[in-house]
Amino acid sequence: MSFIRNLELLAHIGVHGHEKGKLQPVRINVDLAVEDLAQLEDRLETVVDYGEITRKIRSIVEKGHINLAETLAERIAHACFEDPRVQTARVSCREAARPSKAPRSAGVEIERHRAKTRSND
């Protein structure tokens, strides 16, 4: 299992008028079930690079406004599957700061699995 915990970024996110045009802090967590190699050989290219996953997440956030936390989570999960070793991606996105009358924490968590391909055996 590879993971990224409490990655906090400023994002243009939200559907409400008061959220548009403002950067808001979001906290992102990612858990990846990966296909492990028997021999890692102590080399980065033999494992899922969580530094690269973090760069992909930053790129998604920097591309522009996203209405829903669900959309952000789906885009992150999709980016994780660019590495063929990733079998399952669990992504949570939550607002890191909320107005005083709102819940202390609100967000979304999704879990996606790599689609199985059929062989022609």
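Quick notes on this structure:
- Accessible surface, the chain, averaged per residue in Å² (probe 1.4 Å): 67 Å²
- For the chain, fraction of C-alpha pairs farther apart than 26 Å, in %: 28 percent
- Sites Y50 and V15, calculated FRET efficiency, Cβ-Cβ separation with R0 35 Å, nearest 0.05: 0.70
- Residue range of the chain that is longest and free of trypsin sites (Lys or Arg not before Pro) which are both DSSP loop and sparsely packed (at most 13 other C-beta within 10 Å): 64-100
- Across the options T88, A73, A11, the greatest Cα extent toward the positive end of the charge dipole of the chain (unit charges at beta carbon of Lys, Arg, Asp, Glu) belongs to A11.
- For the chain, the longest principal axis of the C-alpha atoms and the axis of helix 50-62 are separated by about 40°.
- Helix 69-80 axis, angle to the chain major axis (alpha carbon atoms, nearest 10°): 20 degrees
- Solvent-accessible area of D31 with every protein chain in place, 1.4 Å probe, in Å² to the nearest 10: 30 Å²
- DSSP loop GluC sites (Glu not before Pro) with at most 11 other Cβ within 10 Å: longest gap in the chain: 42-81
The values are calculated or read from the model by the stated rules, or taken from the named source; none is laboratory data. This is a predicted model, so every value here is computed, not measured. Positions of Cβ are backbone-derived with ideal geometry, glycine not excepted, and every protein chain shown enters the neighbour counts. Note: areas computed on protein heavy atoms with side chains; ligands, DNA, RNA excluded. Shrake-Rupley method; radii C 1.70, N 1.55, O 1.52, S 1.80 Å.
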